[in-house]
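The values are calculated or read from the model by the stated rules, or taken from the named source; none is laboratory data. Keep in mind that what you see is a predicted model, and the values were worked out from it rather than measured. Because the Cβ atoms are built from the backbone with ideal geometry, glycine has one as well, and the counts that use them run over all protein chains shown.
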Amino acid sequence: MKTISVSGKTVEEALDNGLTQLQVSRERVEYVEIQSPKKGFLNLFSKPAILEITVKPDPVEEARSFLSTILECMQVDLTIDVHRFKENEARFNLEGEDVGITIGKRGQTLESLQYLTNLAANRHADRFYRIELDAENYRERRQKTLEQLAFRLAEKAKRTKRKVTLEPMQAKERKLIHQTLQKDRAIETFSDGKEPRRHIVIAPKNH
């Protein structure tokens, strides 16, 4: 964290001087008043306000630095493309030849990296920051794959009039399957089993 000392005739002037010097907004800093301003007789023996201003850690930069260290430990050479799309949300997209290592089986490694990256982002944050971690748009491709799988297996369940059991999935992927098929009145979906083997079952109604 960067800290500087600044002065001004008033606390506000000293703070403005510090923000200009640091080139950050008011929300990005915290300060301690080292000396209060004091007016002297005929401006003699007057004292300026002296502040010690510290720049708060940027949650997104904290997360990016942490992720870079993890990738270095994994010995993978990837770039991290950062896109801030909301005041307290950002999306990191990993790119490079070794990107598959960071995805893992059914995206499990990617989910673990995202969880740890969010912990790093919120370590010093005043409010919650959400970091979505992706790898060459894997999440979008995975979503399309699951939607296609859901429609295909729903048709199979209706055609054979038998239940169809899917492979174990993460909770949010199971939710996607439920949402994809919720308008199909000929079938029903439900989750069965216990973690980490919990899975979706697609069944024809009145089976």
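The table below gives the values:
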quantity	calculated
Failed condition for R197, given (1) surrounded by 15 or more Cβ atoms within 10 Å (Cβ to Cβ); (2) part of a loop (DSSP other than H, G, I, E, B); (3) not assigned by TED's automatic domain parsing to the domain that holds K86	(1)
Long-range neighbours under 7 Å by Cβ, at least six apart or interchain, first residue closer than 10 Å to L110 by Cα within segment 134-146, second basic (K, R)	D134/R91
Residue match in segment 163-171 (condition: in a helix (DSSP H, G or I), in the same structural domain as R198 (by TED's automatic domain parsing), of a type outside the set (S, T, N, Q) and without any contact (Cβ under 8 Å) to a residue 40 or more places away in the chain)	yes
Selection status of E95, among the charged types (D, E, K, R), without any contact (Cβ under 8 Å) to a residue 60 or more places away in the chain and not assigned by TED's automatic domain parsing to the domain that holds I131	no
Unique match (being closer than 30 Å to K9 by Cβ, in contact with a Pro (Cβ under 7 Å, 6 or more places away or on another chain), surrounded by 16 or more Cβ atoms within 10 Å (Cβ to Cβ) and in contact (Cβ under 8 Å) with a residue 40 or more places away in the chain) among A121, A49	A49
